[in-house]
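First comes the structure, then the notes that go with it.
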Amino acid sequence: MAFADEPPPVDAAELVARNPADAVITLGDLQPAWIASLQSFAGFEGCVRYGDGPHQYTQEEAAERARDLPAADVLLCHCPPWG
């Protein structure tokens, strides 16, 4: 389940309870109040490697880093998973 750029149609926790998902992913510019009812968050920095700058990862490097993330209701990330 993903939330992106617009508030969910109902409370986020209620939406997740009604529609069980393996993961809840947030993308875009979210207002904290839109997802405040969800209980735990994990964050993933960076994006797919496109140059020599910091915080850029290959898919394999990102997968390794993702394995260390704690279980959470919401994954906050700069770049969408796999893409």
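The values are calculated or read from the model by the stated rules, or taken from the named source; none is laboratory data. Just so it is clear, the model here is predicted, and its values are computed rather than measured. Note: ideal-geometry Cβ built from the backbone for every residue, glycine included; neighbour counts use all protein chains shown.
Structure notes:
- Subset tally (residues that are farther than 22 Å from Glu6 by Cβ, hydrophobic (A, V, I, L, M, F, W, C) and either in a helix (DSSP H, G or I) or touching an Asp or Glu at 6+ places or on another chain (Cβ under 9 Å) (or both)) for region 43-79: 3
- Among the residues of region 43-83, those identified as surrounded by fewer than 15 Cβ atoms within 10 Å (Cβ to Cβ), more than 24 Å from Ala17 (Cα to Cα) and among the small types (Gly, Ala, Ser) are Gly51, Gly53, Ala63, Ala66, Gly83.
- Top-ranked residue in region 17-32 [being at pLDDT 80 or above and outside any loop (DSSP other than H, G, I, E, B); ranked as nearest to Cys77 (Cα to Cα)]: Ala17
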